[in-house]
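To keep things clear, I will list the structure first and then write my remarks on it.
The values are calculated or read from the model by the stated rules, or taken from the named source; none is laboratory data. As the structure is a computational prediction, the values presented were derived from the model and not from experiment. Here Cβ is always computed from backbone atoms with ideal geometry, including for glycine, and neighbour counts include all displayed protein chains.
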Amino acid sequence: MAHETCAKIIPETWVDDIDGSKRVFGVDSIIKDRWSLKCAACTIPDLKAHGAPLQCIMGKCSKAYHVSCAREQKSGASYEEVEVEEHQVLANFDATNGNDAGGGPETVDEAGRRVLKTITKLNVAITCAQHNKNRNQAKRKEKTDAFIRGILAIPPYARIRIKLPSGLFEVTLVSVDQQKEEVEVIWTTGSTRRCKWSTIVWDQDGPKYTMPLVAISATDISSTTTNGLLDGTGLNGVQGSISSAIGS
């Protein structure tokens, strides 16, 4: 017997109680195109073509899922029960011509078709992984959180690379302003500048940076900048100055 839950959702089918036993009706009425859909979540060929899937609700997306696969959110699918509606089950003949076996309809619709009964159907919204809003939002948030963690993990006065419209530059990080999503850096000329933290160059493991060979402090940066030691050599000028001062 067809799956009861699926029968309550597939548009052409319904479940009825016959002599105390639930039975599925309308399977023969399922449109041919629905049978040709392949479930995007099933990995076993026999199951992939088994049952009547429902298509992703987004535009002309061709992805489809079995009701059970979508409910289990397989392959990134989303499943949402939208509303419960009443549908009329119609006979496949013109009830106005008197050719029905029941001796004439009790109820007909506007087109003159016999209304066998009114059933309750569950309307659901199924989306594929590509159009799954919740999944995509979660992925974007995860990516953003990882980006912020990477930025905040860069030690002060590390050498970083930033990419601007005018080119790629190696600068010294001074501070990070999380609220404004900016970083303050020391330019090769010794001047400070604020840049969007999105300009920092990343590789697969995170933001690219290197540490100076000699530990420095904000006082060191300030004094060497004042003395003009960051003229075109960046932090290397600071390293050279400190190395000379300690006799190395």
**Asked** Does the range 104-126 include one or more residues that are farther than 30 Å from C6 by Cα, aliphatic (A, V, I, L, M) and either in contact with a Cys (Cβ under 9 Å, 6 or more places away or on another chain) or at pLDDT 85 or above (or both)?
**Response** no
**Request:** Run A138 past the list (1) surrounded by fewer than 17 Cβ atoms within 10 Å (Cβ to Cβ); (2) out of contact with any Gly (no Cβ under 8 Å at 6 or more places or on another chain); (3) farther than 30 Å from E80 by Cα; (4) not basic (K, R) and report the number of the one that doesn't hold.
**Result:** (3)
**Asked** Is there a residue in the range 84-91 that is assigned to a strand (DSSP E or B), modelled with pLDDT of 70 or more and of a type in the set (G, A, S)?
**Response** no
**Message:** When the residues of the range 1-16 are narrowed to those that are in contact with a helix residue (DSSP H, G or I) (Cβ under 7 Å, 6 or more places away or on another chain) and in a strand (DSSP E or B), which ends up nearest to Q88 (Cα to Cα)?
**Reply:** W14
**Message:** Between S29, S62, which is over 20 Å from K117 (Cα atoms), small (G, A, S) and either touching an Asp or Glu at 6+ places or on another chain (Cβ under 8 Å) or modelled with pLDDT of 85 or more (or both)?
**Reply:** S62
**Message:** Looking for something assigned by TED's automatic domain parsing to the domain that holds C128, over 21 Å from E85 (Cα atoms) and out of contact with any Pro (no Cβ under 8 Å at 6 or more places or on another chain) - is there at least one such residue anywhere in the range 3-16?
**Reply:** no
**Asked** Which of the residues spanning the range 17-69 are in a loop (DSSP other than H, G, I, E, B), more than 20 Å from the chain's Cα centre (by Cα) and charged (D, E, K, R)?
**Response** D19, K38
